[in-house]
Amino acid sequence: MATKYQFAGSILSADLLRLQADVQDALDAGIDVIHFDVMDFHFVPNLTFGPGLLAQMRKAFPQAIFDVHLMVDPVTEDIIRAYADAGASWISFHPEACVHVDRTLALIQSLGCKSGLVLNPGTAPQMLRYLWDKLDFVLVMTVNPGFGGQKLIPAALQKVSDVRRMAAEANVKPAIEVDGGVDPVTVGACAKAGANVFVVGSAFFGKSDRKAALAALHEGLTL
């Protein structure tokens with residue numbers, strides 16, 4: 001995956017009654033990726049988007065990068081295939097919800113998607129050292145998953161640094177994505193820690209002027 005900075009707009013913070021218009025507005029404003037938070041009311045206490053919605057969005061936006069973050073338990077081959085078939089570009093999941101992590105990452109790649117593993121605030125990154133050959137990106141949760149609008153957990157930045165260091169020691173360059181509490185104030189610290197993909201919700205979709213919101217986020221990278 002590219003190592004330049006990318007911003008992924010989370011539709012969890014979009015207006016679901018005008019979702020297509022909001023996504024179009026986001027892409028027009030220059031957002032790099034559209035982020036789908038898939039929640040099952042089991043792994044996390046919220047319920048969101050199924051593959052049917054993703055399939056419709058893919059028809060409307062054939063060129064967009066769709067980043068599917070699976071917060072479901074269990075993660076099965078059928079679920080992976082459903083989202084890949086619906087048009088996912090990237091698929092990530094939580095190791096706690098998957099019995100065969102290596103095999104599932106390989107399946108994601110075999111279906112033509114970028115594969116990612118998600119680390120919750122309490123999840124140690126040590127397992128990554130055995131999976132680098134099947135990882136295109138690592139998503140570090142900087143809040144506890146389930147709801148938007150939370151504040152970034154400062155300790156998560158150390159984990160971002162640890163993941164970046166581990167990747168460098170293994171001579172690999174996966175993208176490192178952060179999700180939760182990313183705004184113009186915190187994005188610079190995330191980048192300094194080693195992140196290069198930033199999921200933004202209320203700091204982007206929550207603003208009436210998305211172009212100005214994205215500009216503020218890019219400006220925050222230099223602070």
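The values are calculated or read from the model by the stated rules, or taken from the named source; none is laboratory data. These numbers were taken from a predicted model, which means no experiment stands behind them. Here Cβ is always computed from backbone atoms with ideal geometry, including for glycine, and neighbour counts include all displayed protein chains. Just so you know, the surface numbers come from the protein's heavy atoms only, side chains and all, with ligands and any DNA or RNA stripped out. Shrake-Rupley method; radii C 1.70, N 1.55, O 1.52, S 1.80 Å.
Taking the Cα centre of the range 36-121 as origin and charging only Cβ (+1 Lys, Arg; -1 Asp, Glu), how large is the dipole, in debye to the nearest 20?
Working: 5 positive and 9 negative charges, 68 e Å.
That gives the range 36-121 a dipole magnitude of about 320 debye.
Roughly how many debye, to the nearest 20, is the charge dipole of the chain about its Cα centre, given +1 on each Lys and Arg Cβ, -1 on each Asp and Glu Cβ, and no other charges?
On the way: 18 positive and 23 negative charges, 88 e Å.
About 420 debye.
To the nearest 20 Debye, how big is the dipole of the range 127-178 about its Cα centre, given +1 on the beta carbon of each Lys and Arg and -1 on that of each Asp and Glu? Intermediate results must be reported in sequence, preceding the final value.
Values: 7 positive and 5 negative charges, 24 e Å.
So the magnitude is around 120 debye.
Which percent of the Cα-Cα distances in the chain go past 24 Å?
Working: 9161 of 24753 pairs.
Here the tail beyond 24 Å accounts for 37 percent of pairs.
Take every DSSP beta bridge whose two residues both sit in the chain, then give the antiparallel share in percent to the nearest 5. Intermediate values should be presented prior to the final figure.
On the way: 1 of 34 bridges.
Antiparallel: roughly 5 percent of the beta bridges in the chain.
Pull out the extension gain between Ser208 and Gln158, defined as 0.36 nm times the separation in residues minus the alpha carbon to alpha carbon distance; nm, one decimal.
Details: separation 50, 0.36 × 50 = 18.00 nm, distance 3.27 nm.
Extending this stretch completely gives an extra 14.7 nm.
Return one quarter of the surface area of the convex hull spanned by the alpha-carbon atoms of the range 82-137, equal to its mean projected area, in nm².
Details: hull surface 15.3 nm².
Over all viewing directions, the range 82-137 projects a mean Cα-hull area of 3.8 nm².
Taking the dipole about the Cα centre of the chain, with the C-beta of Lys and Arg at +1 and of Asp and Glu at -1, give me whichever of Leu47, Ser92, Phe137 is farthest to the positive side.
Checked the options; the winner is Phe137.
Using modelled amide H (1.01 Å from N, peptide plane; none on Pro or chain starts), what sits under 5 Å from the amide H of Gly181, excluding residues fewer than 5 places away?
Those qualifying (amide H under 5 Å, at least 5 residues apart or on another chain) are Gly149, Gln150.
Got a sec to turn the phi values of the range 140-148 into Karplus ³J(HN,Hα) couplings, 6.51 cos²θ - 1.76 cosθ + 1.60 with θ = phi - 60°, whole Hz, x for Gly and Pro?
Taking θ as phi minus 60°, the curve returns 9, 6, 9, 9, 6, x, x, 9, x Hz for the range 140-148.
Out of all Cα-Cα pairs in the range 88-183, roughly what percent, to the nearest whole number, are more than 16 Å apart?
I get 53 percent for the Cα pairs in the range 88-183 exceeding 16 Å.
Before I look further, what does the range 101-155 give for accessible area per residue, probe 1.4 Å, in whole square angstrom?
Numbers: 2460 Å² over 55 residues.
Heavy-atom accessible area per residue stands at 45 Å².
At q = 0.12 Å⁻¹, what log₁₀ I(q)/I(0) does the range 41-135 have when each alpha carbon counts as one equal point scatterer in the Debye sum?
Debye intensities relative to I(0), on a log10 scale: -0.37.
On the accessible surface of the range 1-124, probed at 1.4 Å, how many percent belong to carbon and sulfur atoms? Write out the running numbers ahead of the final one.
Working: 2740 of 5250 Å².
Here it works out to 52 percent.
Looking at the chain, do any whole DSSP H helices span at least 18 angstrom along their long axis by alpha carbon and average -1.0 or above on Kyte-Doolittle, and which? List each step's numbers first, then the result.
Details: long enough: 155-169 (22 Å, -0.19).
Span-like helices here: 155-169.
With all protein chains present, how much of the accessible area of the range 178-223 (probe radius 1.4 Å) comes from carbon and sulfur, to the nearest whole percent? Let's see the in-between values first.
On the way: 1050 of 1890 Å².
Solvent-exposed carbon and sulfur of the range 178-223 make up 56 percent of the total.
What number comes out for the charge environment of Ala212, summing +1 per Lys or Arg and -1 per Asp or Glu over other residues with Cβ under 14 Å away? Display every interim value, and only then the final one.
Values: positive: Lys207, Arg210, Lys211; negative: Asp25, Asp28, Asp183, Asp209, Glu219.
Overall, the nearby charge balance is -2.
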